[in-house]
Amino acid sequence: MDQDVRGMLDGQGRRFAVVWSRFNHEVTELLRKAAVATLHKHGVAPRDVEVCSVPGAFELPLTCAWLARTGRFHGVIALGAVIRGETNHYDYVCAQAARGVLDAGMDSDVPVAFGVLTCDTDAQAMDRAGGRHGNKGADAAEVALEMASLRETLLRRPP
């Protein structure tokens, strides 16, 4: 019989880092608050959540990599909001933030959740930061919780 191995939304005894971009802070602060609240809701003690801010989404990957490599965290959560403007800057920042956050997790073997909004308008971003599409900061925190649990489960399984 096939087995479906899944992580749990259980933060008891686990430590997480939340890295958030201050650019578009009216959106990203909502993401940060929801991510931290979600971690606490699922049993992560306040002392086990480290919050770090960076200037913009482009700085998220390096900071996530630094934190993941410390060995102090079971997961890292990257939060930001990139909103399309009149130049190609949006495309470069979105692509590199996504790739860099992925690389931070792959290189460190620590789950790094991607909670960076990539929206065309301010209204779309607000809809995803607690509006009609929920809060993607909370969603990213749940991803980090589940992936941290899954990683521990898989590492403990016999060959």
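The values are calculated or read from the model by the stated rules, or taken from the named source; none is laboratory data. The shown structure was predicted, so the numbers you read here are calculated from the model rather than taken from an experiment. Using ideal geometry, Cβ is built from the backbone for each residue, glycine included, and neighbour counts are taken over all protein chains shown.
A compact table of results
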| quantity | calculated |
| --- | --- |
| Check on V82, within 11 Å of the chain's Cα centre (by Cα) and either at pLDDT 95 or above or at negative phi (or both) | no |
| Pairs, first over 18 Å from C52 (Cα atoms) in region 71-93, second of a type in the set (K, R) and not in a strand (DSSP E or B), C-beta under 6 Å, six or more apart | Y90/R84 |
| Counted residues, region 13-45 - those being under 17 Å from C64 (Cα atoms) and of a type in the set (S, T, N, Q) | 2 |
| Output for region 118-132, where each listed residue is surrounded by fewer than 13 Cβ atoms within 10 Å (Cβ to Cβ) and either in contact (Cβ under 8 Å) with a residue 24 or more places away in the chain or not basic (K, R) (or both) | D120, T121, A123 |
| Condition met for R69 (modelled with pLDDT under 95, out of contact with any Gly (no Cβ under 6 Å at 6 or more places or on another chain), surrounded by fewer than 22 Cβ atoms within 10 Å (Cβ to Cβ) and among the charged types (D, E, K, R)) | no |
| Residue in region 14-25 that is assigned to a helix (DSSP H, G or I), of a type in the set (F, W, Y) and touching a Lys or Arg at 6+ places or on another chain (Cβ under 8 Å) present | no |
| V36 being closer than 14 Å to W20 by Cβ and in contact with a Ser or Thr (Cβ under 9 Å, 6 or more places away or on another chain) | no |
| Criterion (surrounded by 16 or more Cβ atoms within 10 Å (Cβ to Cβ), of a type in the set (D, E, K, R) and more than 15 Å from the chain's Cα centre (by Cα)) met by exactly one of D48, D107, D91 | D48 |
| Condition check for C119: modelled with pLDDT of 95 or more, of a type outside the set (S, T, N, Q) and within 14 Å of F23 (Cβ to Cβ) | yes |
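A quick yes/no check of all residues on (1) buried (at least 18 other Cβ atoms within 10 Å of the Cβ); (2) among the small types (G, A, S); (3) touching a helix residue (DSSP H, G or I) at 6+ places or on another chain (Cβ under 8 Å):
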| position | (1), (2), (3) |
| --- | --- |
| Q3 | no, no, no |
| G7 | yes, yes, yes |
| L31 | yes, no, yes |
| P61 | yes, no, yes |
| L79 | yes, no, yes |
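Here is a yes/no grid of residues against (1) within 17 Å of V101 (Cβ to Cβ); (2) in contact with a strand residue (DSSP E or B) (Cβ under 6 Å, 6 or more places away or on another chain); (3) not hydroxyl-bearing (S, T, Y):
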position: R14; (1), (2), (3): no, no, yes
position: V19; (1), (2), (3): yes, yes, yes
position: F23; (1), (2), (3): yes, no, yes
position: E29; (1), (2), (3): no, no, yes
position: V54; (1), (2), (3): yes, yes, yes
position: L62; (1), (2), (3): yes, no, yes
